[in-house]
Amino acid sequence: MHTLFRFFSVLPLGLAHGIGAVLGWLAWLLSPTYRRRFAANSAQAGYAFDEISSAIGHAGRMVTELPRLWLKDTPVNAIHGAEAVEAAWARGKGIVFLTPHLGCFELSVQGAAAQWSRAHGPITILYRPAKQPWLAEMMLTARNRSGIEAVPTTLSGVRQMIKALRKGQAVGLLPDQVPPDGQGQWAPFFGQPAYTMTLAARLALQTGATVVLARCERLPWGRGFELYFENLPGPLPQEMDAAVLHLNQAMEHLIRQCPQQYLWGYGRYKQPRQDASAAASSGDAP
């Protein structure tokens, strides 16, 4: 697997994406569970299959582009909405970058770090090591690249995120990721209750940091990626239930701008797993 991972890291992006698209469709064809979840989640958001069927290929592209993103420097072709980020830096309270499982979300933080970390310090992200030793080592190297600081999904890690924000730096999160039991709350997502992390809202509310929305879209035929930033629509409510709902609606807004690249097969509405980790309940961390 290690050799295969390195092989994909040196393939031309167009070829890697082509192979990924084939693998994505194979996974969809061979897994009835995946097909049902994909259909249910996209229908819940109001999309017919022919409107978002290309998302099947994009799920495969996400897998085959990952070695390149972890082992090589992959610049984005263009950045849109940089003025929203510059305005957030000017406020001096730090930034909470939020992006859903949309497009090349791994490159969202890399692109932001390449653009702003030299002037404003690293972007801090949460990191859960893989169980396989070779993959855990590779992930650690990839995630702790220049301009990015990966911290563990523990109470200590969240304290480091809060510390970074209080220093005026930035953190990055995927708020549509289902957190472990006890580290979130149920809130509507495309009209259906979904267990949603409270960490993103807590970080912003406790520190006064500015929330900035991000999405990174793949260009056709392996031509690269474009990164988009925008302000959170409206101020973040101070009450937690309303704040979590507001962030869910912000993620819906981003997804609707490029639904063909969202991971509709992700188990967004699943029951949270039992986990002893203190990560996101840690919003109460000082």
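Within segment 33-54, is even one residue open to solvent by less than 60 Å² (accessible area, probe 1.4 Å) and closer than 29 Å to Leu155 by Cα?
no
Regarding segment 88-97, can at least one residue be identified that is at pLDDT 95 or above and within 30 Å of Ile56 (Cβ to Cβ)?
Checked against the condition, which is being at pLDDT 95 or above and within 30 Å of Ile56 (Cβ to Cβ), segment 88-97 yields at least one hit.
May I ask you to list pairs of residues, at least six apart or on different chains, whose Cβ atoms are under 7 Å apart, with the first in segment 245-272 being outside any helix (DSSP H, G or I) and the second being crowded, with 16+ Cβ neighbours inside 10 Å and acidic (Asp, Glu)?
Cys258/Glu217; Arg268/Asp176
Taking the criterion of being of a type in the set (Lys, Arg) and either surrounded by fewer than 20 Cβ atoms within 10 Å (Cβ to Cβ) or outside any helix (DSSP H, G or I) (or both), would at least one residue in segment 222-235 satisfy it?
yes
Quick one: which of Pro193, Pro188 is in a strand (DSSP E or B), in contact (Cβ under 8 Å) with a residue 12 or more places away in the chain and touching a Phe, Trp or Tyr at 6+ places or on another chain (Cβ under 7 Å)?
Pro193
From the residues in segment 161-203 that are polar (S, T, N, Q) and modelled with pLDDT of 95 or more, which one is farthest from Gly111 (Cα to Cα)?
That would be Gln192.
What about Thr64, is it in a helix (DSSP H, G or I), more than 20 Å from Gly267 (Cβ to Cβ), open to solvent by less than 60 Å² (accessible area, probe 1.4 Å) and of a type in the set (Ser, Thr, Tyr)?
In short, yes.
Please tell me if Met240 is in contact with a helix residue (DSSP H, G or I) (Cβ under 8 Å, 6 or more places away or on another chain) and touching a residue at least 40 places away in the same chain (Cβ under 8 Å).
Here the answer is yes, as Met240 does meet what is asked.
Among the residues in segment 206-215, are any within 23 Å of Gly20 (Cα to Cα) and within 18 Å of the chain's Cα centre (by Cα)?
yes
Considering each of Ala88, Ala113 in turn, give the residue that is open to solvent by less than 10 Å² (accessible area, probe 1.4 Å), touching a strand residue (DSSP E or B) at 6+ places or on another chain (Cβ under 6 Å) and free of Cβ contacts under 8 Å to residues at least 40 places away in the same chain.
One residue alone meets the criteria, Ala113.
Can you tell me which residue within segment 174-192, out of those that are among the hydrophobic types (A, V, I, L, M, F, W, C) and out of contact with any strand residue (DSSP E or B) (no Cβ under 6 Å at 6 or more places or on another chain), is nearest to Val212 (Cα to Cα)?
Within segment 174-192, the match that is nearest to Val212 (Cα to Cα) is Leu174.
Six or more apart or on different chains, Cβ under 7 Å: which pairs go from a residue in segment 160-171 that's open to solvent by less than 30 Å² (accessible area, probe 1.4 Å) to one that's in a loop (DSSP other than H, G, I, E, B) and among the basic types (Lys, Arg)? Could you list them?
So the pair list comes out as Gly168/Lys93.
Evaluate the following for Gly121: is it open to solvent by less than 50 Å² (accessible area, probe 1.4 Å), at pLDDT 95 or above, on the phi > 0 side of the Ramachandran plot and in contact with a Ser or Thr (Cβ under 8 Å, 6 or more places away or on another chain)?
no
Which of the residues spanning segment 67-85 are polar (S, T, N, Q) and open to solvent by 80 Å² or more (accessible area, probe 1.4 Å)?
Of everything in segment 67-85, just one residue is polar (S, T, N, Q) and open to solvent by 80 Å² or more (accessible area, probe 1.4 Å), namely Asn77.
The values are calculated or read from the model by the stated rules, or taken from the named source; none is laboratory data. None of the values given here were measured: they were computed from a predicted structure. A quick note on method: Cβ atoms are made from the backbone with ideal geometry, for glycine too, and the neighbour counts reach across all protein chains shown. Note: accessible area is taken over every heavy atom of the protein model, side chains too, but ligands, DNA and RNA are not part of it. Shrake-Rupley method; radii C 1.70, N 1.55, O 1.52, S 1.80 Å.
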